[in-house]
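The values are calculated or read from the model by the stated rules, or taken from the named source; none is laboratory data. Model, not experiment: these values are computed from the prediction. We place every Cβ from the backbone using ideal geometry, glycine too, and count neighbours over all the protein chains shown. Just so you know, the surface numbers come from the protein's heavy atoms only, side chains and all, with ligands and any DNA or RNA stripped out. Shrake-Rupley method; radii C 1.70, N 1.55, O 1.52, S 1.80 Å.
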Amino acid sequence: MRAWIGPLALCLISCGSSTTETTKTGTGTAAVAENPAYIDFAPQSSTDGQKMVFLSQRDLGAYRVFVYNEAAETKLERLSKTMTLEPDLNELSTSLSDDGNWILTWRYGTEKSYLLLNSFDQTQSTTLPLETASRLRELTLAPSGQRYFAYTERKDAEDSVHIYSFTAGTPPVAAEEAVLSGEYGAQFAVSGSDVYVFTRKAGTNGNVTVQYRKRSAGGSWDLQTDTLALDFADANIPSAASALGLVYAKSLDSVRLKAKLGTYETSAEGYQKNVGVVQEATQFQAFAASPVDFSAEAYRRNQPLTLGHISATADGAYLLLTGYEAWFCKNRTQASNIMLLVRMSDGASLPLLPTRDNGTTPWTGLVSEPCSYFDQETIPKPQDFDTTLSNAQILSVTGSRVTLIYESKFTLDREIRRLSFDVSDWVAKTYANPVYTEISANPR
């Protein structure tokens, strides 16, 4: 599925006084100091949004994987409650298959390091020992029910991508199929019955080459001829792999002015109506059957000014961008992080900004832009806009119903929310029946 980088440095985050709860850790029971602010991040979800894993620093000074199961009586539990975690180990990176069936986790300590692969119901598990000198990042499981996983290993100042196949069983059986020396950042994509993996390779001048491989029937990962060259400024830009190939953010050589069509304009002659687009989405077509037109007016008029995260459905039909945007309303200028849902067939796009009545919970509203609120002659009720949202991921689009997850720092915490809503009209940018689920909200 999507790759996430877990924290690589062990640090103690102190946020004031802490409470203590009794938590099962390893084979014993120990008192664990809780962080008063929840720091939950890097969520991975099944496409239906019913199963999820994420990293957390709720335990002060420790990194733990939490598992969310909508169908369970206790919806949220530490992975270590069932999958025994040895003392002095942290869980630094995790990934969930998009069918919700498999979890991959890196557990690390100064004396021990290994990968844990387990079924979501935790009835099947196996471990792959690692050298403690190795550092892992970008764990990822292939989408669409394909049983492959990959990770980047950093050892002796060199990167390498390791690709495994695996089969279910008690225990599951994992077999290493390829080690790609000098490469990093594996991202799987599935097109029809074919499985691909994108990787990156750094050059001596700081530039990066994106390349991809196709898995053969014989089990080899065969390098394809098409490549994408990125300069050092775009070496770590966000990207999403899908049946569309690779959609990535590209920094513009010069800022492109973007007319804010559909927003309000003040009577002041000098009031700014145009804003500068710094990054745009573009496609590395690779194996994809057709190119994508990111110049369509329906997309251009709503594209964010910068891009912080890109997510795509496995079939490439929909894209979800998280970026920074600004609106010039009659009564004020409003800057905000925002989500943009893009229908790839025609470039139609829908800005998404969560709202709620000021100071209340939960979040209940969803708008495409804030000017219609700020420019009222009399504002009926104060509203909160979640301008802090980040790392949004599109999970599924079924009919008119859209499901996604995102991270929020609106409170003192770093929380994870799931959002489902109906698209009433793509042109009018109207929505209906938004439902928010607090996956990891702090109950304080």
Subject >> Qualifying positions in the range 341-383 - of a type in the set (S, T, N, Q) and closer than 18 Å to Phe410 by Cβ >> reply: Thr355, Asn358, Thr360, Thr361, Thr364, Gln383
**OP:** Identify, from the list Thr199, Thr209, the residue that is surrounded by 21 or more Cβ atoms within 10 Å (Cβ to Cβ) and either at pLDDT 95 or above or not in a strand (DSSP E or B) (or both).
**Re:** Thr199
Subject >> Of all residues in the range 47-65 being over 15 Å from the mean Cα position of the chain (by Cα) and among the hydrophobic types (A, V, I, L, M, F, W, C), the one that is modelled with the lowest pLDDT >> reply: Leu60
Original post:
Which ones in the range 125-141 are of a type in the set (Ser, Thr, Tyr) and open to solvent by less than 20 Å² (accessible area, probe 1.4 Å)?
Top reply: Ser134, Thr140
Original post:
If Ser113 passes every condition in (1) in contact with a Lys or Arg (Cβ under 8 Å, 6 or more places away or on another chain); (2) over 30 Å from Ser239 (Cβ atoms) but one, which one does it miss?
Top reply: (2)
Subject >> Among the residues listed as Ala174, Ala168, Ala189, the single one being within 27 Å of Thr313 (Cα to Cα), small (Gly, Ala, Ser) and surrounded by fewer than 18 Cβ atoms within 10 Å (Cβ to Cβ) >> reply: Ala168
Original post:
Of all residues in the range 387-407 being farther than 19 Å from Asp98 by Cβ and in contact (Cβ under 8 Å) with a residue 40 or more places away in the chain, which is farthest from the chain's Cα centre (by Cα)?
Top reply: Thr387
Subject >> Counted residues, the range 175-185 - those being of a type in the set (A, V, I, L, M) and farther than 16 Å from Leu128 by Cβ >> reply: 1
Original post:
If you take the residues in the range 314-362 that are out of contact with any strand residue (DSSP E or B) (no Cβ under 8 Å at 6 or more places or on another chain) and over 27 Å from Glu377 (Cα atoms), which one is most open to solvent (accessible area, probe 1.4 Å)?
Top reply: Ser345
Subject >> Flag for Met83 being closer than 23 Å to Ala168 by Cβ and either among the β-branched types (Val, Ile, Thr) or surrounded by 22 or more Cβ atoms within 10 Å (Cβ to Cβ) (or both) >> reply: no
Subject >> Tally, over the range 425-444, of residues that are under 30 Å from Leu55 (Cα atoms), open to solvent by less than 70 Å² (accessible area, probe 1.4 Å), out of contact with any Leu (no Cβ under 9 Å at 6 or more places or on another chain) and not in a loop (DSSP other than H, G, I, E, B) >> reply: 1
Subject >> Selected residue [farther than 30 Å from Ala289 by Cβ, part of a strand (DSSP E or B) and not polar (S, T, N, Q)] from Leu350, Leu340, Leu419, Leu412 >> reply: Leu419
**OP:** For the range 299-313, enumerate the residues that are open to solvent by 40 Å² or more (accessible area, probe 1.4 Å) and of a type in the set (Gly, Ala, Ser).
**Re:** Gly308
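Let's see how each residue does on (1) within 21 Å of Asn391 (Cβ to Cβ); (2) outside any strand (DSSP E or B); (3) at pLDDT below 90:
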site	(1), (2), (3)
Ala217	no, yes, no
Thr225	no, yes, no
Ala233	no, yes, yes
Lys258	no, no, yes
Pro304	yes, yes, no
**OP:** For residues that are of a type in the set (A, V, I, L, M, F, W, C) and in contact with an Asp or Glu (Cβ under 7 Å, 6 or more places away or on another chain), scanning just the range 396-422, find the one that is most open to solvent (accessible area, probe 1.4 Å).
**Re:** Phe410
Original post:
Is it the case that some residue within the range 152-171 is within 19 Å of the chain's Cα centre (by Cα), touching a residue at least 12 places away in the same chain (Cβ under 8 Å), closer than 21 Å to Asp194 by Cα and part of a loop (DSSP other than H, G, I, E, B)?
Top reply: no
Original post:
In this structure, is Ser295 without any contact (Cβ under 8 Å) to a residue 60 or more places away in the chain and either small (Gly, Ala, Ser) or under 25 Å from Thr398 (Cα atoms) (or both)?
Top reply: yes
